[in-house]
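Take a look at the structure set out below.
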Amino acid sequence: MSKLFLSLHVLAAIIAVGPVTVAASMFPKAIRENGNPELLHRICRVYALIGISVPVFGFATAGVMGVTGHPWVVVSIALTTAAVFVLVLKVIPGQEKALKTRNVKHLALYTGIFNLLWATVTVLMILRPGSTTGA
């Protein structure tokens, strides 16, 4: 069961978080260069909702593996929670404001923080203490 949950967790992360990080990163430039920021904003909103599955499958995986209380899991949960707050409270509202005002002040900063948090979680998941992958 742990392999199923882990597979779903990784797939959800790739399918949901990947598009958000790319679309959010492209958004400020699209605003400045009159690209298609509406599509990028929509991608961020839709895939953010799909992204809810990432921690759901993550908790299921950690529970089945019996590592829920391990420090690297707790840190990952905290970083994921921070990333969600940055996305929901800063990035997506910042995009909505930029669509109206064409002003992307601070949006790239918040997007960078969001991406850095996810990159840190990803590295932590790969290098986790007690890993049995041999890495």
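Structure notes:
- The residues of the stretch 1-57 that are touching a residue at least 60 places away in the same chain (Cβ under 8 Å) and either charged (D, E, K, R) or under 16 Å from V84 (Cα atoms) (or both), listed by number, are A13, V17, V20, T21, A24, S25, R32, E38.
- The stretch 81-120: number of residues that are within 13 Å of the chain's Cα centre (by Cα) and among the aliphatic types (A, V, I, L, M): 12
- Restricted to the stretch 53-62, and to residues there that are of a type outside the set (F, W, Y) and over 13 Å from W118 (Cβ atoms), the residue that is surrounded by the fewest Cβ atoms within 10 Å (Cβ to Cβ) is V56.
- Options V84, V64; residue that is under 18 Å from V121 (Cβ atoms) and among the hydrophobic types (A, V, I, L, M, F, W, C): V84
- Exactly one residue among V56, V88 is at pLDDT 95 or above and either within 16 Å of H9 (Cα to Cα) or charged (D, E, K, R) (or both), and that residue is V56.
- Residues that are part of a helix (DSSP H, G or I), under 16 Å from L117 (Cα atoms), at pLDDT 95 or above and touching a Pro at 6+ places or on another chain (Cβ under 7 Å) occur at least once in the stretch 68-82.
- Extreme residue, least open to solvent (accessible area, probe 1.4 Å), among residues of the stretch 68-81 that are touching a helix residue (DSSP H, G or I) at 6+ places or on another chain (Cβ under 9 Å) and of a type in the set (A, V, I, L, M, F, W, C): V73
- The requirement of being open to solvent by 70 Å² or more (accessible area, probe 1.4 Å), touching a residue at least 24 places away in the same chain (Cβ under 8 Å) and farther than 13 Å from A24 by Cα is satisfied by M65.
- Scanning the stretch 3-19 for residues that are surrounded by 14 or more Cβ atoms within 10 Å (Cβ to Cβ) and out of contact with any Ser or Thr (no Cβ under 6 Å at 6 or more places or on another chain) turns up L8, V10, A13, I15, A16, V17, P19.
- Under the condition of being among the β-branched types (V, I, T) and open to solvent by 60 Å² or more (accessible area, probe 1.4 Å), the residues counted in the stretch 82-119 number 4.
- Residues of the stretch 20-42 satisfying the condition of being among the β-branched types (V, I, T) and either open to solvent by 50 Å² or more (accessible area, probe 1.4 Å) or on the phi > 0 side of the Ramachandran plot (or both): V22
The values are calculated or read from the model by the stated rules, or taken from the named source; none is laboratory data. This structure is a prediction, so every number in the text was calculated from the model and none was measured. In this analysis, Cβ positions are derived from the backbone assuming ideal geometry, glycine residues included, and neighbour counts consider all displayed protein chains. The area values use the complete protein model at the heavy-atom level, side chains included, leaving out ligands, DNA and RNA. Shrake-Rupley method; radii C 1.70, N 1.55, O 1.52, S 1.80 Å.
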